[in-house]
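The values are calculated or read from the model by the stated rules, or taken from the named source; none is laboratory data. Quick caveat, the model's predicted, so the values are computed rather than measured. So basically every Cβ, Gly included, is an ideal-geometry build from the backbone, and we count neighbours across all protein chains shown. Remember, those area values only see protein heavy atoms, side chains included, never the ligands or the DNA or RNA. Shrake-Rupley method; radii C 1.70, N 1.55, O 1.52, S 1.80 Å.
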Amino acid sequence: MSDDQANPIHVRGLRKQYGPSLILQSVDLDVRPGEVFALLGPNGAGKTTTVEILEGVRRRSGGDVRVLGRDPAEDAPRWRARLGIVPQTTGAYADLTVREVVEHFAAFYPAPLPAAQVIDMVGLGAQECKQAQTLSGGQLRRLDVAVGVVGDPDLIFLDEPTTGLDPEARMEAWDLVRFFADQGKTTVLTTHYLDEVEALAQRAAVIVAGRIVETGPVSELGGRRDTPATVSFTLTAELSAAELPDLPPGTALDPSGVPGVPGGTLTLLSHTPTRVLAALLPWAADAGAGELPDLRVHRPTLEDVYLKLIRENQGAQS
């Protein structure tokens, strides 16, 4: 078996078609052991279809797919017991208490985690004797997570796991993802919260119109590491009249932000913004300005490069 096929998820040429509509187009994907991997894309891009094929709940039209070494279309019971699935929609648990729900689902697995431990892990310890139907939306989402991980899975699928959660509950959910990562578990995360991706995922793939347009470390998506930072400030009369100091090699003026008159904005592009500031501050002081008004240093964020990838690829495939 090759190194690629030893990965928990190995996909080559995945296609999904409904009549004439091609939903997934030659998707290639590898998820490595023990990593948190994010699958990103706009609504309708094919994220949920991809995940459901990997989970074995939807059939593919073509391509090679291996999840934990098996074809998910076979849906073998022992294989399925190694998966943890937290779907996007909240479950309906009738009249059962929180503890009864978790114990009920734990019974489906050969070696589940203790129900009490899982309930505490998702922050529902104080509600374990309450009927599930009396829980708030956020608490129900926590119960969904508990049901998804009680089997102590090797591979966890989290589909929008923190939707509807308040900030405190989101942090608790993040801690749970980190807990399983520390145990060597592999996690596939779909989310629209890019701060969640930054906090949790090592790598990510961006899917647009059924195609994977980029895969890589979160810090490098869309050429993020190679994109310069911007240093901008408002020109005062003193600064407008002063010649710029010697700036670090590779620093460039952004023509769209160089009006050259007081009240305008001057923008510099640089891979070393700290060194740029070190040159600008004494220059401003010597010019009698004292401060750099409206100073802003902006490094490309994941949101910046993600939206850029979406715009570029939606345009290219429209």
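Among residues other than Lys185 with Cβ under 9 Å from its Cβ, the summed charge is -3 (Lys and Arg +1, Asp and Glu -1). Dimensions of the stretch 6-102 along the principal axes, based on C-alpha atoms and rounded to the nearest Å, stand at 44, 31, 25, largest first. Radius of gyration (Cα atoms) of the stretch 176-296, expressed as a multiple of 2.2 N^0.38 Å: 1.51.
Of the peptides 201-209, 119-127, 174-182, the ranking by mean beta-carbon count within 10 Å, highest at the top, reads 201-209, 119-127, 174-182.
Would you mind checking the tilt of helix 137-149 against the longest principal axis of the Cα atoms of the chain, expressed as 0 to 90 degrees and rounded to 10? Value to nearest ten degrees: 70. For the stretch 155-197, the pair-distance distribution built from all alpha carbon pairs, in bins 10 Å wide starting at 0, is 28, 60, 12 percent.
Taking the C-alpha atoms only, the angle from helix 302-317 to the longest principal axis of the chain is near 80 degrees. Fraction of C-alpha pairs exceeding 14 angstrom in the stretch 192-242: 67 percent, rounded to a whole number.
What shape does the stretch 229-318 have by the C-alpha gyration tensor, where a ≥ b ≥ c are the square roots of the eigenvalues, rounded means a/c under 1.5, and otherwise prolate means a/b greater than b/c and oblate the rest? Prolate, because a/c is 1.5 or more and a/b exceeds b/c.
Remark on the stretch 49-158: ratio of C-alpha radius of gyration to 2.2 N^0.38 Å is 1.13. What does the charge count around Arg142 come to, taking other residues whose C-beta lies under 13 Å from its C-beta (Lys +1, Arg +1, Asp -1, Glu -1)? Result for the neighbourhood of Arg142: -4. Solvent exposure of the chain, expressed per residue, is 48 Å² of accessible area, with all protein chains present and a 1.4 angstrom probe. Selection among Gly84, Gly62, Ala73 by position relative to the dipole of the stretch 56-108 gives Gly62 as farthest towards the positive end (Cβ unit charges, Cα centre). For a straight C-alpha distance cut-off of 12 angstrom, the aspartates and glutamates reachable from Lys47 (same-chain residues fewer than eight places away being disregarded) are Asp159, Glu160.
A simple charge model with +1 on the Cβ of Lys and Arg, -1 on the Cβ of Asp and Glu and nothing else charged puts the dipole of the chain at about 1060 debye relative to its Cα centre.
The rule of thumb for compact globular proteins, 2.2 N^0.38 Å, goes into the C-alpha radius of gyration of the stretch 266-314 1.60 times.
Put simply, the stretch 98-180 fits an ellipsoid with semi-axes of 18, 16, 10 Å; these come from the alpha carbon gyration tensor as the roots of five times its eigenvalues, largest first.
Normalising by residue count, the chain has a Cα convex hull of 176 Å³ per residue.
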